[in-house]
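Peer 1: One structure, as C-alpha cells, below. Some questions next.
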Amino acid sequence: MHGFRMRTLCVRVKNVFPIIDAALADSAARSGKWLACRPGCHQCCVGVFAVTSLDVATLREGLAAAEPAVAASIRERAQASWQQLAPTFPGDVVSGRLFTADGHEEAFEDFANDEPCPVLDPATGTCDLYASRPVQCRTFGPPVRDDDGNLTVCELCFVDAPAEEVARCEMDQSWRGEEAAAIQTTGDETLTILAFALGA
C-alpha cells in the first residue's frame with residue numbers, strides 16, 4: 001500500500017475504531033448482566049467469517065507490532081489454518097478473494113464453522129491481536145441489526161430476555177458510513193478470511 005494511502009487509512013482507522021468501541025461500550029453498559037462476554041469466553045472466535053481490507057490492514061499492522069514470539073505463533077496458526085482451508089475455499093485461492101464464482105456465497109455458510117481463529121491464543125482463550133481485531137469482533141455480543149434489519153445477538157447473551165429489553169440495548173451503528181469510507185481508502189473492497197490475510 002502506498003505511503004499516502006497508508007497514512008490516510010491510519011487516520012481513518014484512528015477515527016472509526018474509537019467510535020465503534022464507544023458504541024460497544026455504551027451498549028454493553030445498558031446490557032449489563034445480559035452480556036456473557038468476558039476474557040476467556042471465545043465461542044465467537046470459532047468459525048470463519050469474512051474480513052474487509054480495512055480489517056486486513058489493521059490486523060497486519062497489529063501483527064507487525066506484536067512481540068516476536070506472539071507474532072510467530074499467530075503466523076504459524078494462520079498458515080496451518082490456511083493450508084487446511086484452501087482446498088475448499090469458496091473463492092480464489094491465489095488472491096484470497098471470497099465469492100468469485102456462482103455458489104460461493106452459499107458454500108460459505110457451511111465453510112469452516114469449527115475452525116478456531118488463528119489469532120485466538122489456545123492456552124488462554126483470549127485474542128492475541130485484541131487492539132487490532134476486526135470490526136465484526138468489535139461489535140459481536142450486544143444486539144446489532146443484520147443486513148435484513150433484524151436484531152441479532154450472541155446465543156450466549158440475552159438468554160430469556162424480553163424483546164423490549166433486547167431492543168433497549170441495541171448498539172448504535174451510525175459509524176457504518178465511516179467504516180465504508182475507511183475501506184474505500186484501502187483501494188480494495190474485496191473480502192477474504194483471516195487465515196489467508198495472516199498466513200498465506
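No value in this document is a laboratory result; all are computed from the given coordinates. Worth saying up front: this structure is predicted, and the values here are computed from it rather than measured. Note that each Cβ is placed from the backbone with ideal geometry, even for glycine, and that neighbours are counted across all protein chains shown.
Peer 1: Could you please state, rounded to a whole Å, how far the C-alpha centre of region 119-174 is from the C-alpha centre of region 178-200?
Peer 2: First find each Cα centre; the distance between them is then 20 Å.
Peer 1: Which is the longest stretch in the chain that no exposed loop site breaks, taking sites as GluC sites (Glu not before Pro) with a DSSP loop state and at most 10 other Cβ atoms within 10 Å? It would help to have the intermediate numbers written out before the result.
Peer 2: Details: sites that count: Glu109, Glu155.
The longest uninterrupted stretch comes out as 1-108.
Peer 1: Same structure again: Rounded to the nearest 5, what is the percent of antiparallel bridges among the DSSP beta bridges in region 3-199? Intermediate results must be reported in sequence, preceding the final value.
Peer 2: Numbers: 9 of 9 bridges.
Close to 100 percent.
Peer 1: Here is a follow-up. Once Lys and Arg get +1 and Asp and Glu get -1 on their Cβ, which of Ser81, Ala197, Val94 lies farthest toward the positive end of the dipole of the chain?
Peer 2: So the residue we want is Ala197.
Peer 1: Right, another one. Can you list residues whose amide H is under 5 Å from Thr192's amide H, if they're 5+ apart or on another chain and H is modeled 1.01 Å from N?
Peer 2: When sequence neighbours closer than 5 places are left aside, the close amide H contacts are Val51, Leu98.
Peer 1: Which option, [x] 31, 22, 14; [y] 47, 27, 12; [z] 26, 20, 18, is the value of semi-axes √(5λ) of the Cα gyration tensor in Å that was calculated from these coordinates?
Peer 2: [z]
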